[in-house]
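First the structure, in the form of structure tokens, and then the observations on it.
The values are calculated or read from the model by the stated rules, or taken from the named source; none is laboratory data. Note that the structure is predicted; figures quoted are calculated from it, not measured. Note that we place each Cβ from the backbone using ideal geometry, even for glycine, and neighbour counts take in every protein chain shown. Surface accessibility is based on the protein's heavy atoms, side chains included, excluding ligands, DNA and RNA. Shrake-Rupley method; radii C 1.70, N 1.55, O 1.52, S 1.80 Å.
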Amino acid sequence: GAGVSQTPSNKVTEKGKYVELRCDPISGHTALYWYRQSLGQGPEFLIYFQGTGAADDSGLPNDRFFAVRPEGSVSTLKIQRTERGDSAVYLCASSPGHGNPYTFGSGTRLTVV
Amino acid sequence: GENVEQHPSTLSVQEGDSAVIKCTYSDSASNYFPWYKQELGKRPQLIIDIRSNVGEKKDQRIAVTLNKTAKHFSLHITETQPEDSAVYFCAASKTGNQFYFGTGTSLTVIP
């Protein structure tokens, strides 16, 4: 596609529920990144995929967070047993590969009530 | 890990004046420094970047300088316009993959 697409744009969920956030990167971009941005803060790294594999998942805050990219294109960020502290904008970005600038998506605003 | 600090957190300038935003980083291995502009409710967009083998880079009204010895880099916007109003983020990376972002500078250009 022309840009990085994220769905849904907004998600409100109850505490304890499971959510999935989807990212569709720019066609041909092999690298895909997930970041989380809390209000008034800069984006915080979560996980990076090169192709289908998670090359670096050191930013995932705990084992409630998991991400997959089974075919090397679309990625899904999965959050189990959501907590109010998970509320943030989840940003996805892609790039042609190592060391190239990112293109960010518009993000998914997750609100846990 | 890397720690990026950004100042000021808010900045107001008159239209036509210059704006300067400064960042410092802690990891001397960092070698790539992008700047992003984020308008309210929108995605961060890359506006300029610099690599550690270069001391300065300019693109029209925007320039970035890098001082590797002092581990700081700055964004300079000249002849500011109201459409420059946004939140600006600096970032640092040593791998080219994981970026460490500053906390942002909210720039307001007053017409």
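Structural remarks
- Candidate set from the stretch A:65-111 (those that are in contact (Cβ under 8 Å) with a residue 24 or more places away in the chain, of a type in the set (Gly, Ala, Ser) and in a loop (DSSP other than H, G, I, E, B)); member that is farthest from the other protein chains (Cβ to nearest Cβ): A:Ser73
- Filter pass, B:Gln98 being open to solvent by 60 Å² or more (accessible area, probe 1.4 Å), without any contact (Cβ under 8 Å) to a residue 24 or more places away in the chain and not aliphatic (A, V, I, L, M): no
- The set of residues from the stretch A:14-41 being modelled with pLDDT of 95 or more, more than 22 Å from B:Lys37 (Cβ to Cβ) and open to solvent by 20 Å² or more (accessible area, probe 1.4 Å) comprises A:Glu14, A:Lys15, A:Gly16, A:Lys17, A:Tyr18, A:Glu20, A:Arg22, A:Asp24.
- Residue check for B:Glu15: on the phi < 0 side of the Ramachandran plot, more than 10 Å from chain A (Cβ to nearest Cβ), among the charged types (D, E, K, R) and more than 12 Å from the chain's Cα centre (by Cα): yes
- Those residues of the stretch A:20-59 which are under 12 Å from the mean Cα position of the chain (by Cα) and over 18 Å from B:Thr95 (Cα atoms), in sequence order: A:Glu20, A:Leu21, A:Arg22, A:Cys23, A:Asp24, A:Pro25, A:Arg36, A:Gln37
- Residue within the stretch A:42-54 that is within 14 Å of chain B (Cβ to nearest Cβ), in a loop (DSSP other than H, G, I, E, B) and either among the charged types (D, E, K, R) or loosely packed, with under 15 Cβ neighbours inside 10 Å (or both) present: yes
- Note on the stretch B:1-76: enclosed strands (runs of 3 or more DSSP E) holding 2 or more residues that are among the aliphatic types (A, V, I, L, M), open to solvent by less than 20 Å² (accessible area, probe 1.4 Å) and under 26 Å from A:Thr103 (Cβ atoms) are B:19-25, B:45-51, B:62-67.
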